[in-house]
Structures are given as structure tokens and as C-alpha cells.
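Working notes, structure below.
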Amino acid sequence: MTILNGKEIAADALAGCREQVQGLEARGVTPGLAVVIVGKDPASHVYVGSKVKTCADLGIYSRRIELPEETSQKEVLEVVAGLNADPSIHGILVQSPPPPHINEEEIIRLIDPDKDVDGFHPVNVGKLVMEDDSGFVPCTPQGCIQLLERAGIETSGANAVVIGRSMIVGKPMALLLMGRGINATVTVAHSRTKELAKVCREADILIPAIGKPEFVTADFVKEGAVVIDVGINRLEDSSRKSGYRLVGDVAYEEVAPKCRAITPVPGGVGPMTIAMLMSNTIKAARSSMDQAEGG
Ligand code: GUN
């Protein structure tokens, strides 16, 4: 059994990003990322902190915009419109989930597709469906694909089962897996799927993305499967200083011995997501530069 070390693989990807940032600097451009967070969800603040810190490590300019819980829809839209018009910002990310009174879809649709480094805007979703490389691919599924590729996992013809159909992970994950270059046979399972464990046992590659702590138990997993655990869930744990511990959607201890390879939580998909965000931001800066130079 191989533990797929996302931290190490992400560090490799980030080293490549650092070089690309230096290359852009030499051409007179510093990539810039704006991260907008509304409200005080503690996990979201931790993620945003990691994103901003990684920008600093790579020499990417970042702007963290923290808006209070009671911020109105109109105010968030105004912030996004300002970032769309700001030439020092190449990438815009609005951390999900926002507070319940915020209409996230309207905000996503306002983000300039050329700055949509999350890949959530309909233009980029469409480009993903069409396999048009000029768009942005959502960071978490893109990170999962890179984990598979860099770990040398054969995907062509493999049975892949994605659990979850979210716009952030499940749907784009399925599209990437079935795409040319990956060539998996894809099943998307969800909360209404009948005989879920049986469906999952068909998987050569199993990718749970449902946000349910330790939901996937050993009976969901075929001997020799590769498991990419997208879930990051907080479980109360009074023995920890923080008061919680992180677990995935997979019951790791019982599932790992059956696997050919598995990602840990933390240290699996999470670091890859951040690395892909950096890569998308660099891509956005490069495209804006090419456009400015008429290339
Ligand atoms: N919340 C969880 N994952 C993501 C992500 O990839 N992007 C944004 N904006 N919010 C998230």
C-alpha cells in the first residue's frame, strides 16, 4: 500500500510555480490573487490563510478581503466588480460557502471569466466540458488528477467512481476523469444512489467528495483500489489543543490496508488544491500579459 503524499507532490508543483513567477517577474509582471471571504466560518478562514501564505512563499501578490457576516449581496458584488477592473489582480476567488443570505451563483457569474481562477464561472465550466484548455479548471479536481498522474497511477480504461456531484468537486472531477488523456470510465454516485457500497466496490479509482466524516468504510472498497479522499471534516477531539481533529470522508484505518494507494487527511488532496490555485493564478497573469502584448 502506497500513501500518496500530497504535501510532497504539491511541493514539487509549487517549485515549478516559483520558477514561473520569477519568469513573469523578469517580464515585468507580478501575478496577483484576491481572496474574498464573507463571514467567520473558522475552517474557511484557515483555508484562506493557507492560500495567502502560499502566495507569499512564491512571490505572488495577494489581497485578502475579509467582509463581515452581515455584508449585503450588493456590497459583495461591488467588491468583485472593483477586482474585475483592477489590473494588479489577475485571479479572484470568493471563498465558499458564503453566509446563507448571499447568492453565490450571482457572484460567480459576475467574476470576469479571465480572472476566475476557481473555474466556477459558466464560461469556464463550458470550456471544461468542451476540453478547451484556455479555461480554468477547478482546483480540487485538478489537484486529484495531478496526484494520480504524478504517482504514476494508470487511469486509461479504469473504472472511476466519484461520490458527490457538487460544482466544486464532483461534477468537474467526473469530466476530467472521462476526458481525453485520462480516459477513465466514470460513475458519479450521490445521496440517492442505490446500493452505494456495491457501486463503489466496482471502482479501480474511488474518489469520495461528500463531506461526511469516515463515511466510506472497508466494505465500499475493492482490494487493490486507489482511493483519493477529498473530504476534510472536523471532528471534536478534546485531547487536541485545537479541540478538533481532521478526518476525511474515508475511514482511513480500516480502508488503507485494502488499497493499492490512498491519500491521507490532512496532507493529501488539500495541499494539491492550493498548488493548483497558484498554478491557475500564474496562468491568468500570463494570459493577461499575452493579451496586453497582442499575443
Ligand atoms: N471552498 C472549498 N473549496 C473551495 C474552492 O476550491 N474554492 C472556493 N472559492 N471555495 C472553496
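The values are calculated or read from the model by the stated rules, or taken from the named source; none is laboratory data. Quick caveat: nothing in here was measured; it's all calculated off a predicted structure. Neighbour counts run over all protein chains shown; Cβ positions are idealised from the backbone, glycine included. Side chains are part of the model used for accessible areas, which takes the heavy atoms of the whole protein and leaves out ligands, DNA and RNA. Shrake-Rupley method; radii C 1.70, N 1.55, O 1.52, S 1.80 Å.
Numbers at a glance
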{"item": "Longest DSSP-loop-exposure-free segment, GluC sites (Glu not before Pro), the chain, at most 11 other Cβ within 10 Å", "result": "71-194"}
{"item": "Contour excess over end-to-end distance, with Cα ends at Lys194 and Ala85 and 0.36 nm allotted per residue", "result": "34.5 nm"}
{"item": "Approximate spin-label separation Glu78-Lys212, in nm, with each point projected 7 Å along Cα-to-Cβ", "result": "4.3 nm"}
{"item": "The chain: calculated mean residue ellipticity at 222 nm from DSSP helix runs of at least 4, using -39500 (n - 2.57)", "result": "-13000 deg cm²/dmol"}
{"item": "The chain - percent of accessible surface contributed by carbon and sulfur, probe 1.4 Å", "result": "52 percent"}
{"item": "Cα gyration tensor category, rounded, prolate or oblate, for the range 212-282 with a/c compared to 1.5", "result": "oblate"}
{"item": "Fraction of beta bridges assigned by DSSP in the chain that are antiparallel (%, nearest 5)", "result": "15 percent"}
{"item": "Three-way shape call for the chain based on the alpha-carbon gyration tensor, with the a/c threshold at 1.5", "result": "prolate"}
{"item": "Axial C-alpha extent at least 27 Å, average Kyte-Doolittle at least -1.0 - helices from the chain (DSSP)", "result": "6-26, 269-292"}
{"item": "Rounded FRET efficiency, nearest 0.05, which uses the C-beta distance separating Arg150 from Asp57 and R0 of 22 Å", "result": "0.65"}
{"item": "Charge sum, other residues only, whose C-beta stays under 12 Å from Glu293's C-beta, Lys/Arg counted +1 and Asp/Glu -1", "result": "+1"}
